[in-house]
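The values are calculated or read from the model by the stated rules, or taken from the named source; none is laboratory data. Everything quoted here is computed from the prediction, not taken from an experiment. When we count neighbours, we look across all protein chains shown, and the Cβ atoms used for this are built from the backbone with ideal geometry, even at glycine.
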Amino acid sequence: MKSLSIFHCVSLGLMGVLGLVKELRSATENSASCCAAIEAEYPNQVIYQVDETYEEANARWTQNAQLAPTCIFLPETAHDVSTAVKIFVAQACPFSIKSGGHTPWAGANDIDGGIAIDFSKMNDTAVSDDRSYVRLGPGGTWHNIYKQLNGTGLAFPGGRCPGTGVGGLTLGGGYSWFTGRVGFVADNIINYEIVLANGDIRNVNATDDADLYLALKGGSNNFGVVTHFDLSVFEHRQLIYGGLAIVPINVTDAVLERFSELVSASKDFPESDATLEFFLNGTNAAGQQILLWLSDTDDTNLNGPHEALQPLLDLEPKILDRVGVTTLVDYPHDVPPVTRVLMTTATFVNAPSVVQGVHQLTLDHFEKSFSGIPNLVFDFQYTPIPRHVTEQSLVRGGNIMGLNDTTDDLIIVLLMPLWQDAAYDDDIYALSQDWLRLIHDYTNSVGAGSPFEFVNYAAPFQDPMASYGDSNLEFLRGVSEKYDPGRVFQKLVPGGFKLGI
Ligand SMILES: Cc1cc2nc3c(=O)[nH]c(=O)nc-3n(C[C@H](O)[C@H](O)[C@H](O)COP(=O)(O)OP(=O)(O)OC[C@H]3O[C@@H](n4cnc5c(N)ncnc54)[C@H](O)[C@@H]3O)c2cc1C
Ligand SMILES: *[C@@H]1O[C@H](CO)[C@@H](O)[C@H](O)[C@H]1NC(C)=O
Ligand SMILES: *[C@@H]1O[C@H](CO)[C@@H](O)[C@H](O)[C@H]1NC(C)=O
Ligand SMILES: *[C@@H]1O[C@H](CO)[C@@H](O)[C@H](O)[C@H]1NC(C)=O
Ligand SMILES: *[C@@H]1O[C@H](CO)[C@@H](O)[C@H](O)[C@H]1NC(C)=O
Ligand SMILES: *[C@@H]1O[C@H](CO)[C@@H](O)[C@H](O)[C@H]1NC(C)=O
Ligand SMILES: *[C@@H]1O[C@H](CO)[C@@H](O)[C@H](O)[C@H]1NC(C)=O
């Protein structure tokens, strides 16, 4: 759009991808045969392109994530998945794995040619007899799970938006309303049921296959197809204080300052959390708002005081105020329908001046470049990961995301433009890459950089597995070598964030 050099960056990136596509082309020819083989075993669980239900079954949260698999396979049990994986490996058929289907970019959860494994039929939820964990199928979506478990007097960390799935959100770490209390969602998984590349169905936990157990805590789809997650739960009234408040853009300075203070103070208030969402619909002030997603999940203090949140609650005027005592299932969560979305993420060390700096850079970049895209909604968000979150991770055995030695309070910034027309896809990608470079340059220059890239918010041009650091990446590659020596989840499952082997 604005600058030719931008186009060049994108083309170079795409060339790598095209090489991989070529490599897979011969394998793609086998797909019809794999579809037939799996249909022979499970006649009612395979959907072809000619079937009436194909379009709906192949739908994704965003249009731009949708590809065209030769067929879609809907497993009902781990055994179904095992049978399928054995067939795919024997015939070298590429496949994709989809749980909630919320990754917004093409290739992570869908596939051209190939077979799309779709977990929508495996969305079971069951509380263990001793009420210590809930067993979840990967295809469950979080709002439905809150609904299922409403009234049980149990709570657990899960997604904050209704349609996101158990599988992807959890394997990417997972940020919940309870992150300050119990760490990432993945930190609370006590057992994974997984289908390995050779078709074995394993239970993987702290005592059995502990290396693979650790690798799954942030390792995404690199090791197998996870068919069940046992997630720790705790007694909780399921009532929380919080909700959505919207304030005008002219209070930005106060919002950023108070947010930064909340992040610094959060070790004393681990149950209080705020995510800031800036929403810029065009450049006119009327289309510009700040959404404050607030929560205090301490169910013994519903009526307050909510000291850590109070400065944000005090902001005036409010365009909307839906903050109060609510339940996990009733927490406001309307997500408008979207067409095209890209997420890009960076992480930096909290300080009021750095939050201001990142914010100003983002606004300048919007005005200089993004604002030229028609029908653009420029959305970006700040989410805290203070030091006490990583301490909670460690208490639970740790994860592989490379945050364990961090002594700083971190903030994740998520850039999430929404647009309408595919003609602008390349521009958006290039501009988002530019933004990322600007943020890294700036945060590094003031000593506030962090390499961490949150899988769940990362763009296809990012490399979250490498962002975990050399020793963690080495560890992940070793685990892959051990459990998937044929590199099935690196080559035959081309989608998502890979290990670079
Ligand atoms: C509206 C919205 C709200 C969000 N809110 C949050 C939030 O509160 N917290 C947060 O952490 N993230 C959030 N995200 C990001 C979200 O976690 C990611 O988009 C995540 O990928 C969603 O999981 P999914 O199962 O829906 O995704 P999918 O796209 O289905 O899967 C994501 C990746 O995981 C792999 N995968 C999925 N299931 C399996 C499996 N069973 N075995 C092996 N690999 C598998 C897929 O192959 C894919 O690469 C949000 C996203 C959106 C769009
Ligand atoms: C499972 O799927 C059924 C049918 O689509 C749906 O009614 C139910 O709410 C889902 N449950 C979960 C936990 O996602
Ligand atoms: C959740 O359960 C409570 C009672 O425990 C009930 O009042 C409420 O209506 C339920 N909400 C939903 C959405 O089912
Ligand atoms: C760990 O896996 C083994 C089987 O491999 C199983 O017997 C055990 O119950 C599992 N532990 C947990 C906590 O699920
Ligand atoms: C900020 O904008 C709102 C309307 O969006 C207006 O009511 C308020 O007076 C403005 N405040 C200041 C300080 O300009
Ligand atoms: C953005 O603004 C335009 C025009 O002002 C409006 O038609 C559109 O609905 C708005 N979009 C969103 C997502 O608010
Ligand atoms: C953090 O992880 C690294 C790499 O895996 C490891 O070397 C280090 O000992 C861990 N630190 C803590 C405090 O667990």
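Is it the case that LEU216 is assigned by TED's automatic domain parsing to the domain that holds PRO311 and closer than 27 Å to PRO386 by Cα? Considered against the rule, which asks whether it is assigned by TED's automatic domain parsing to the domain that holds PRO311 and closer than 27 Å to PRO386 by Cα, LEU216 comes out as no. Among the residues making up region 433-447, a single one is closer than 15 Å to SER467 by Cα and aliphatic (A, V, I, L, M): LEU436. Filtering ASN191, ASN198, ASN222 for residues that are more than 17 Å from SER176 (Cβ to Cβ), over 21 Å from the mean Cα position of the chain (by Cα) and away from ligand 3 (no atom under 16 Å from the Cβ) leaves a single hit, ASN198.
Taking region 246-271 as the search range and keeping residues that are among the aliphatic types (A, V, I, L, M) and more than 16 Å from ligand 5 (Cβ to nearest atom), which one is farthest from THR362 (Cα to Cα)?
ALA265
At least 3 residues being farther than 27 Å from LEU410 by Cα is the threshold, and among the strands (runs of 3 or more DSSP E) wholly inside region 257-343 those reaching it are 320-327. Here LYS217 clears all of (1) surrounded by 22 or more Cβ atoms within 10 Å (Cβ to Cβ); (2) out of contact with any helix residue (DSSP H, G or I) (no Cβ under 7 Å at 6 or more places or on another chain); (3) closer than 30 Å to GLY478 by Cα; (4) not aliphatic (A, V, I, L, M) except the condition numbered (2). Residues in region 314-363 that are surrounded by fewer than 15 Cβ atoms within 10 Å (Cβ to Cβ), more than 30 Å from THR300 (Cα to Cα) and at pLDDT below 95: PRO336, PRO337, THR339.
Residues checked against (1) part of a helix (DSSP H, G or I); (2) closer than 27 Å to ARG181 by Cα; (3) more than 16 Å from ligand 2 (Cβ to nearest atom):
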site: PRO384; (1), (2), (3): no, yes, yes
site: LEU403; (1), (2), (3): no, yes, yes
site: THR406; (1), (2), (3): no, yes, yes
site: ILE412; (1), (2), (3): no, yes, yes
site: TRP435; (1), (2), (3): yes, no, yes
site: LEU438; (1), (2), (3): yes, no, yes
site: ASP441; (1), (2), (3): yes, no, yes
site: ASN444; (1), (2), (3): yes, no, yes
site: ASN472; (1), (2), (3): yes, yes, yes
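With respect to being in contact with a helix residue (DSSP H, G or I) (Cβ under 8 Å, 6 or more places away or on another chain), in a helix (DSSP H, G or I) and buried (at least 21 other Cβ atoms within 10 Å of the Cβ), ALA466 falls outside the description.
For the condition touching a Ser or Thr at 6+ places or on another chain (Cβ under 6 Å) and either at pLDDT 95 or above or within 12 Å of ILE38 (Cα to Cα) (or both), what is the one hit in ALA90, ALA57, ALA78, ALA68? From the options ALA90, ALA57, ALA78, ALA68, the qualifying one is ALA78. Take the residues of region 302-313 that are more than 28 Å from the chain's Cα centre (by Cα) and touching a residue at least 12 places away in the same chain (Cβ under 8 Å): which is surrounded by the most Cβ atoms within 10 Å (Cβ to Cβ)? Applying the filter and picking the extreme gives HIS306. In region 260-286, of all residues being in contact (Cβ under 8 Å) with a residue 60 or more places away in the chain, farther than 17 Å from ALA308 by Cβ and among the hydrophobic types (A, V, I, L, M, F, W, C), the one that is farthest from ligand 1 (Cβ to nearest atom) corresponds to LEU280. Restricting ALA84, ALA68, ALA116, ALA59 to residues that are surrounded by 20 or more Cβ atoms within 10 Å (Cβ to Cβ) and within 30 Å of TYR429 (Cα to Cα) narrows the list to ALA116. Among the residues of region 120-136, those that are more than 16 Å from PHE73 (Cα to Cα) and either without any contact (Cβ under 8 Å) to a residue 60 or more places away in the chain or assigned to a loop (DSSP other than H, G, I, E, B) (or both) comprise ASP124, THR125, ALA126, SER128, ASP129, ASP130, ARG131, SER132. Here ASP80 clears all of (1) charged (D, E, K, R); (2) in the same structural domain as ASP200 (by TED's automatic domain parsing); (3) more than 16 Å from ligand 3 (Cβ to nearest atom) except the condition numbered (2).
If you take the residues of region 229-259 that are among the small types (Gly, Ala, Ser) and more than 16 Å from ligand 1 (Cβ to nearest atom), which of them is surrounded by the fewest Cβ atoms within 10 Å (Cβ to Cβ)?
ALA254
Could you tell me whether any residue of region 333-352 is in the same structural domain as SER260 (by TED's automatic domain parsing), over 27 Å from the mean Cα position of the chain (by Cα) and within 16 Å of ligand 3 (Cβ to nearest atom)? Checked against the condition, which is being in the same structural domain as SER260 (by TED's automatic domain parsing), over 27 Å from the mean Cα position of the chain (by Cα) and within 16 Å of ligand 3 (Cβ to nearest atom), region 333-352 yields no hits at all.
Of all residues in region 136-163, those that are near ligand 1 (Cβ under 7 Å from one of its atoms), crowded, with 24+ Cβ neighbours inside 10 Å and more than 14 Å from SER120 (Cβ to Cβ) total 1.
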